[in-house]
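> Please find one structure pasted underneath; my questions will follow.
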Amino acid sequence: LSQPERIRKMNEVLDNLPRSFPKALCYVMELSGMTIEELEWASKVSSRTISRYRTGKAKTYSEDKIVAMCVAMRFRPKLSTA
């Protein structure tokens, strides 16, 4: 994609990003095309933790695990900090 197309796509993703973390995680996983199992393997975050994050059942969120998942899904820094 050209630079303007990449910027347009990133803005589209940010505009549609859900406001809750569990919904946002589901959304970005769908965009990346990764399953829980693939994300577990790539990020070294357990599937149980990923599932708890996705359903909102986690009492706390680990910044290190969130960063690992963003890296595994190959997000640009602007999207990772949104």
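The values are calculated or read from the model by the stated rules, or taken from the named source; none is laboratory data. Quantities reported herein were computed from a predicted structural model and do not represent experimental measurements. Backbone-built Cβ (ideal geometry, glycine too); neighbour counts: all protein chains shown. SASA here: full protein model, heavy atoms, side chains in, ligands and nucleic acids out. Shrake-Rupley method; radii C 1.70, N 1.55, O 1.52, S 1.80 Å.
> Output the residue which, of all residues in segment 20-36 that are part of a helix (DSSP H, G or I) and among the β-branched types (V, I, T), is surrounded by the fewest Cβ atoms within 10 Å (Cβ to Cβ). Working first, answer last.
Step one: list which residues in segment 20-36 are part of a helix (DSSP H, G or I), which gives 21-32, 36.
With the extra rule that they be among the β-branched types (V, I, T), the set shrinks to 28, 36.
Details: V28: 20, I36: 17.
The qualifying residue surrounded by the fewest Cβ atoms within 10 Å (Cβ to Cβ) is I36.
> On to the next question. Kindly list the number of the only condition in (1) at pLDDT 95 or above; (2) under 10 Å from the mean Cα position of the chain (by Cα); (3) open to solvent by 100 Å² or more (accessible area, probe 1.4 Å) that fails for R74.
Answer for R74: the failing condition is (1).
> Among the residues of segment 7-19, is any of a type in the set (A, V, I, L, M), loosely packed, with under 13 Cβ neighbours inside 10 Å and not in a loop (DSSP other than H, G, I, E, B)?
Going residue by residue through segment 7-19, those that are of a type in the set (A, V, I, L, M) are 7, 10, 13-14, 17.
Next cut, loosely packed, with under 13 Cβ neighbours inside 10 Å only: 7, 14.
Filter again for not in a loop (DSSP other than H, G, I, E, B), leaving 7, 14.
Yes - at least one qualifying residue is present in segment 7-19.
> Something else: In this structure, does L39 turn out to be at pLDDT below 95, part of a helix (DSSP H, G or I) and within 30 Å of Q3 (Cβ to Cβ)?
Details: at pLDDT below 95: no; part of a helix (DSSP H, G or I): yes; within 30 Å of Q3 (Cβ to Cβ): yes.
Taking the combined requirement at face value, the residue does not satisfy it.
> Does at least one position in segment 52-60 carry a residue that is in a helix (DSSP H, G or I), touching a residue at least 40 places away in the same chain (Cβ under 8 Å), surrounded by 12 or more Cβ atoms within 10 Å (Cβ to Cβ) and not polar (S, T, N, Q)? If you could, list the steps in order and put the result at the bottom.
Kept after step one, since they are in a helix (DSSP H, G or I), are these residues of segment 52-60: 52-55.
From what is left, the residues that are touching a residue at least 40 places away in the same chain (Cβ under 8 Å) are none.
There is no residue in segment 52-60 that is in a helix (DSSP H, G or I), touching a residue at least 40 places away in the same chain (Cβ under 8 Å), surrounded by 12 or more Cβ atoms within 10 Å (Cβ to Cβ) and not polar (S, T, N, Q).
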